[in-house]
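Student: What follows is a single structure, and I will ask about it in a moment.
The values are calculated or read from the model by the stated rules, or taken from the named source; none is laboratory data. Values in this document were obtained by computation on a predicted structure and should not be read as measured data. As a convention, Cβ positions derive from the backbone with ideal geometry for all residues, glycine included, and neighbour counts pool all protein chains shown.
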Amino acid sequence: MDGTQGQPGGDPVLRAAGSAGPAGSGPGSKGSGSAGAAAATPTGGVTRVVTLTTGDFTLTVNPVDGSEIEPLRPGTRTHRPAKRDPASRAAWEAAGRPPALPGSTAPLRPLLQREEERERLERLLGRGRSVRLTGPAGSGRSALLDSVAAVCAGLAPDGVVRLSGFGRQQPQELLYALHAAVYGTTGERPDRAELLARVRDVGAIVLVDDLELGGAALDELLRATPECAYLLAATPDTNAPSAHAHLEEVFLGGLGRGECVRLLEALTGRPLTEEETAWAGDLRFASEGLPLRFVQAAALLRRRDELNHRDAPDEEDEPGVFEGRPRESAHVPLPTLAEAAAPAELLASRVSESARAALRIACALGGEMPHHAHLPALVGDTHADAAVAELLDCGLLTPVGPRYRLSAGVARQLEEAGYGDSAAEEARTAARHYAWWTGHASVTPERVAAEADAVLAALAGADVVAAVMLARTAAPALAASLHWEAWERVLRSGAEAARKAGEVAEQAYFHHELGVLALCEGRLERSRAELEASIGLRGALADKRGTVAGRRALALVTDREAAEVEVSPPLRLEAPAAPAAPPVTAGPVTNPLARPLVPPVGADAVTQVVPAVRRPGAATAPSAFSEVFEDAFPPVAKQEPVTVPVPGVVRPSAGEPDSRRRTAFLAAAGALAVAVIGTVVGLAVSGPDGRTPSDPAVSSTPDTDLSTGTGTGASDPATAPEPATDGPTAAASDDPAAPRAGEPAAEPRPGTTPGPRTTSQGRTPTRKASPPAPGTTAPTSTAPVVVPDPPATSASPQTTPPTDPPTGPGATGSASGTAPSSTG
């Protein structure tokens with residue numbers, strides 16, 4: 001198959017190898033960074049160098065060394081562009097429609113049984129409501145959109161905008177398409193923030209055909225354009241909108257029996273026979289009245305009429321005896337119901353050979369039909385450009401945006417018929433052709449963008465060598481056309497193909513372009529990863545220019561990352577402002593450790609360092625031995641307290657050893673004083689004979705009448721009252737250990753022998769209380785009362801140990817103390 005017939009420039013395979021332009025353009029072409037400039041390639045061709053503005057960057061698309069990105073220079077930022085006028089909008093809409101086809105002879109298709117739906121859509125859109133038009137493939141959604149667009153042309157200030165949602169999975173793609181349709185921009189792609197700000201002011205009726213968005217993505221599209229009313233045409237298998245999307249639902253069904261017959265008569269150009277009318281009724285039942293099936297059925301009837309020669313007289317068509325044309329004795333019957341329900345194979349058998357070759361190419365490209373200008377080179381027939389019109393009249397092609405695709409279900413029927421057996425060869429031929437065409441200097445980026453789907457399909461089905469060649473030439477054109485969704489897909493496919501083919505230089509180029517694209521879109525992590533991979537590959541190839549370009553872009557990524565980091569407010573050390581508090585009279589400090597309440601402050605408030613200032617004359621608790629015994633043992637002269645605010649703790653320097661020795665001496669002197677005082681107190685409390693007195697810590701107050709001489713506190717030597725009589729009885733009562741009348745005798749401790757107790761005359765360790773006056777009652781104390789031991793059987797002291805062993809140390813009275821034991 002000749003791939004060059006009907007196309008200028010020679011062999012497309014040879015031309016694609018160097019991203020070449022037309023022959024004869026020498027290497028001395030001048031290159032610059034301005035839009036439309038040219039740069040010389042290593043093969044001597046001419047390539048385009050385009051300068052774009054995207055957000056805060058200036059992007060220079062260089063097909064030779066890779067794109068270069070730099071910050072936008074001060075004073076070069078463009079203002080918001082003006083909106084298109086009606087004439088410009090009409091020109092833009094005409095450019096987005098499918099091109100006019102040569103050789104088309106099919107009659108216009110009428111819009112039947114859609115008046116009710118059209119009027120309802122017109123009312124809803126006139127009220128500013130958004131509508132979702134749902135119908136199966138082939139139900140006539142596109143024809144209904146054309147009718148609604150003609151009626152609603154003057155309802156919105158920005159007119160009617162037609163968009164194609166086929167293949168667009170993200171709402172951002174539709175927003176950029178809407179921006180390009182409303183604003184007259186050239187060489188500018190705004191960032192996301194500027195894009196949202198611009199489309200928020202758009203007030204238009206937006207018709208989106210073949211919508212593929214739903215759910216949260218559709219909500220984002222509607223939320224970004226609050227002044228727009230949408231008419232969204234989708235199939236039932238598209239994701240449903242969310243519950244709060246506020247969309248009206250309109251379902252588009254099939255046609256009735258009478259409308260199906262009238263559509264057949266309008267497309268065939270003649271009335272139907274009774275047999276054909278009955279056949280149309282059966283077909284309507286099988287296809288549920290879809291208009292596309294009757295468009296294909298009308299094409300079958302027209303081909304049948306041509307074969308049966310219904311319009312020509314039989315006498316003129318009668319062949320002679322010596323003519324080579326065979327006599328047509330058989331009558332072509334009506335197609336069966338199965339053939340009419342799946343008519344692709346039968347229709348393909350009754351079209352021209354160029355049309356069948358175009359169908360094979362479309363099957364190889366996933367249903368995408370190339371522009372009719374490419375078919376002569378792809379098919380090898382100079383008249384193959386008329387094949388698209390022939391297939392469109394048969395209902396095998398459907399317009400989708402600015403191009404044509406195989407109708408719903410046609411690709412599967414053709415593949416079953418064997419049209420996809422040569423798909424690999426057809427895809428390789430298409431890839432080599434597009435590699436030459438996209439690199440041609442006379443091809444504008446807008447034409448490449450219109451053919452982007454066919455280029456991507458050829459890229460997916462070609463071998464790795466042809467895929468690398470096609471991606472290398474198509475990527476700069478797609479970048480210059482601002483169709484960056486297709487640009488990214490081409491770069492990823494090219495990087496994978498270059499990796500498989502072992503083309504390290506081309507792989508480095510694709511990674512560099514992906515990094516630049518991610519930087520322009522604000523995806524910094526992805527940009528860093530792609531640029532680092534590109535720098536590593538170019539470093540292995542010793543490509544200095546490419547490495548420098550990659551490092552420049554990577555530096556911009558680092559700067560943007562640093563600019564996006566949130567910096568905490570600086571810490572300023574300043575004195576606190578004096579509060580305007582009322583004067584307070586000086587008084588004793590009840591709680592020196594209490595702190596004033598501080599009101600809560602915000603997270604962004606400046607932190608102020610407030611030094612701790614001691615109030616003059618305030619009493620503080622002692623914290624060292626030297627402060628406790630400072631009055632008793634003054635080591636040095638006492639210094640005046642310093643009242644000057646100190647912001648920090650002042651540490652002694654290494655040149656002051658006397659201060660450290662003084663502190664240690666004071667601590668040692670304090671410890672020695674505590675030991676001496678303790679020894680003196682111990683000697684003073686103990687008796688002259690070295691006997692330890694009874695425990696004075698346990699005391700009680702008698703709670704009975706002292707005149708009776710009895711009480712619960714009589715056993716306590718510290719509080720027991722003494723009688724005023726003298727003599728042996730009084731002397732005997734002075735002994736706190738001696739038992740009194742009516743009190744139990746103390747039991748000896750285990751292992752000891754009780755003996756006579758002696759006390760020093762005139763010295764008792766307890767304080768004697770004066771007898772109370774007559775008629776008065778002794779005062780009581782709030783001290784805890786000690787319960788005495790249970791009474792014994794005898795009140796006199798025993799000289800022999802009891803027969804029963806003592807129960808324990810607690811059997812001895814608490815006031816008896818510890819008696820000196822005698823051994824022997």
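Student: Within the range 518-552, count every residue that is out of contact with any strand residue (DSSP E or B) (no Cβ under 9 Å at 6 or more places or on another chain) and either not basic (K, R) or not in a helix (DSSP H, G or I) (or both).
Tutor: Going through the range 518-552 one residue at a time, the tally reaches 24.
Yes or no, residue by residue, for (1) more than 30 Å from A82 (Cα to Cα); (2) touching a helix residue (DSSP H, G or I) at 6+ places or on another chain (Cβ under 8 Å); (3) modelled with pLDDT of 95 or more; (4) charged (D, E, K, R):
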residue: P171; (1), (2), (3), (4): no, yes, no, no
residue: G184; (1), (2), (3), (4): no, yes, no, no
residue: Y230; (1), (2), (3), (4): no, yes, yes, no
residue: P236; (1), (2), (3), (4): yes, no, no, no
residue: A245; (1), (2), (3), (4): yes, yes, no, no
residue: C260; (1), (2), (3), (4): yes, yes, no, no
residue: E275; (1), (2), (3), (4): yes, no, no, yes
residue: A278; (1), (2), (3), (4): yes, no, no, no
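Student: Among the numbered conditions (1) modelled with pLDDT of 90 or more; (2) over 57 Å from the mean Cα position of the chain (by Cα), tell me where V321 comes up short.
Tutor: Unmet condition: (1).
Student: In addition: In the range 397-424, what residues are assigned to a helix (DSSP H, G or I) and surrounded by fewer than 17 Cβ atoms within 10 Å (Cβ to Cβ)?
Tutor: Applying the first criterion (assigned to a helix (DSSP H, G or I)) to the range 397-424 yields 410-416, 423-424.
Residues satisfying the conditions are R412, E415, E416, A424.
Student: Give the number of residues within the range 280-292 that are part of a helix (DSSP H, G or I), surrounded by 15 or more Cβ atoms within 10 Å (Cβ to Cβ) and in contact with a helix residue (DSSP H, G or I) (Cβ under 9 Å, 6 or more places away or on another chain).
Tutor: Of the residues in the range 280-292, 5 are part of a helix (DSSP H, G or I), surrounded by 15 or more Cβ atoms within 10 Å (Cβ to Cβ) and in contact with a helix residue (DSSP H, G or I) (Cβ under 9 Å, 6 or more places away or on another chain).
Student: Report every pair of residues separated by at least 6 positions or lying on different chains whose Cβ atoms are under 7 Å apart, first residue within the range 54-67 and within 16 Å of L478 (Cα to Cα), second surrounded by 18 or more Cβ atoms within 10 Å (Cβ to Cβ) and among the aromatic types (F, W, Y).
Tutor: G66/Y509
Student: How many residues are part of a loop (DSSP other than H, G, I, E, B), in contact with a helix residue (DSSP H, G or I) (Cβ under 8 Å, 6 or more places away or on another chain), at pLDDT below 90 and surrounded by 13 or more Cβ atoms within 10 Å (Cβ to Cβ) when one looks only at the range 48-83?
Tutor: Result for the range 48-83: 5.
Student: Next question, about the same structure. Is it fair to say L145 is within 25 Å of L264 (Cβ to Cβ) and assigned to a helix (DSSP H, G or I)?
Tutor: Against the criterion (within 25 Å of L264 (Cβ to Cβ) and assigned to a helix (DSSP H, G or I)), L145 qualifies.
Student: Just the residues that are surrounded by fewer than 19 Cβ atoms within 10 Å (Cβ to Cβ) and either touching an Asp or Glu at 6+ places or on another chain (Cβ under 9 Å) or touching a residue at least 24 places away in the same chain (Cβ under 8 Å) (or both), please, taken from the range 184-196.
Tutor: Once the filter is applied, which keeps residues that are surrounded by fewer than 19 Cβ atoms within 10 Å (Cβ to Cβ) and either touching an Asp or Glu at 6+ places or on another chain (Cβ under 9 Å) or touching a residue at least 24 places away in the same chain (Cβ under 8 Å) (or both), the range 184-196 yields G184, T185, G187, E188, D191, R192, E194, L196.
Yes or no, residue by residue, for (1) surrounded by fewer than 24 Cβ atoms within 10 Å (Cβ to Cβ); (2) within 23 Å of the chain's Cα centre (by Cα):
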{"position": "L482", "(1), (2)": "yes, no"}
{"position": "R499", "(1), (2)": "yes, no"}
{"position": "G502", "(1), (2)": "yes, no"}
{"position": "H512", "(1), (2)": "no, no"}
{"position": "L519", "(1), (2)": "no, yes"}
{"position": "G522", "(1), (2)": "yes, yes"}
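Student: Then there is this: In the range 501-530, how many residues are closer than 21 Å to E485 by Cβ and not aromatic (F, W, Y)?
Tutor: Counting residues in the range 501-530 that are closer than 21 Å to E485 by Cβ and not aromatic (F, W, Y) gives 19.
Student: Would you check if there is a residue in the range 101-116 being out of contact with any strand residue (DSSP E or B) (no Cβ under 8 Å at 6 or more places or on another chain), surrounded by fewer than 18 Cβ atoms within 10 Å (Cβ to Cβ) and modelled with pLDDT of 90 or more?
Tutor: Checking the range 101-116: at least one residue is out of contact with any strand residue (DSSP E or B) (no Cβ under 8 Å at 6 or more places or on another chain), surrounded by fewer than 18 Cβ atoms within 10 Å (Cβ to Cβ) and modelled with pLDDT of 90 or more.
Student: OK, next. Among the listed residues G159, G128, G167, identify the single one that is under 26 Å from R200 (Cβ atoms) and either exposed (fewer than 15 other Cβ atoms within 10 Å of the Cβ) or basic (K, R) (or both).
Tutor: G128
Student: In the range 366-381, is there at least one residue being touching a Ser or Thr at 6+ places or on another chain (Cβ under 7 Å), in a loop (DSSP other than H, G, I, E, B) and of a type outside the set (A, V, I, L, M, F, W, C)?
Tutor: Taking the range 366-381 and keeping what is touching a Ser or Thr at 6+ places or on another chain (Cβ under 7 Å), we get 376-379, 381.
From what is left, the residues that are in a loop (DSSP other than H, G, I, E, B) are 381.
Then drop every residue that is not of a type outside the set (A, V, I, L, M, F, W, C), which leaves 381.
Yes, some residue in the range 366-381 is touching a Ser or Thr at 6+ places or on another chain (Cβ under 7 Å), in a loop (DSSP other than H, G, I, E, B) and of a type outside the set (A, V, I, L, M, F, W, C).
Student: Please go through the range 117-137 and pick out each residue that is out of contact with any strand residue (DSSP E or B) (no Cβ under 8 Å at 6 or more places or on another chain) and small (G, A, S).
Tutor: Across the range 117-137, the qualifying residues are G126, A137.
Student: If you take the residues of the range 115-132 that are aliphatic (A, V, I, L, M) and touching a helix residue (DSSP H, G or I) at 6+ places or on another chain (Cβ under 6 Å), which of them is farthest from P241 (Cα to Cα)?
Tutor: L121
Student: Among the residues of the range 466-480, is any surrounded by fewer than 24 Cβ atoms within 10 Å (Cβ to Cβ) and farther than 20 Å from D385 by Cα?
Tutor: Among the residues of the range 466-480, not one is surrounded by fewer than 24 Cβ atoms within 10 Å (Cβ to Cβ) and farther than 20 Å from D385 by Cα, which makes the answer no.
Student: Looking only at the range 457-491, how many residues end up being closer than 23 Å to L175 by Cα and in a helix (DSSP H, G or I)?
Tutor: Filtering the range 457-491 down to residues closer than 23 Å to L175 by Cα leaves 475-491.
If we keep only those that are in a helix (DSSP H, G or I) as well, we get 475-480, 484-491.
Selection size over the range 457-491: 14.
Student: Continuing with this model, one more query. Can you pull out the residues in the range 148-169 that are without any contact (Cβ under 8 Å) to a residue 40 or more places away in the chain and either closer than 15 Å to E485 by Cα or part of a helix (DSSP H, G or I) (or both)?
Tutor: Correct list: A150, V151.
Student: Does the range 131-142 contain any residue that is assigned to a helix (DSSP H, G or I), within 18 Å of T235 (Cβ to Cβ) and at pLDDT below 95?
Tutor: Checked the range 131-142: at least one residue is assigned to a helix (DSSP H, G or I), within 18 Å of T235 (Cβ to Cβ) and at pLDDT below 95.
Student: Follow-up question, since we're still on this one. Of the residues A498, A555, only one is part of a helix (DSSP H, G or I) and touching a residue at least 12 places away in the same chain (Cβ under 8 Å); which? Walk me through it before giving the result.
Tutor: Numbers: A555 fails: touching a residue at least 12 places away in the same chain (Cβ under 8 Å).
Answer to the selection: A498.
Student: Does L133 fit the bill of being within 38 Å of the chain's Cα centre (by Cα) and under 29 Å from H483 (Cα atoms)? It would help to see each step written out before you state the result.
Tutor: On the way: within 38 Å of the chain's Cα centre (by Cα): yes; under 29 Å from H483 (Cα atoms): yes.
So L133 fits the description; yes.
Student: Given A435, A427, A384, which one is over 30 Å from L174 (Cβ atoms), buried (at least 22 other Cβ atoms within 10 Å of the Cβ) and of a type in the set (A, V, I, L, M)?
Tutor: A384
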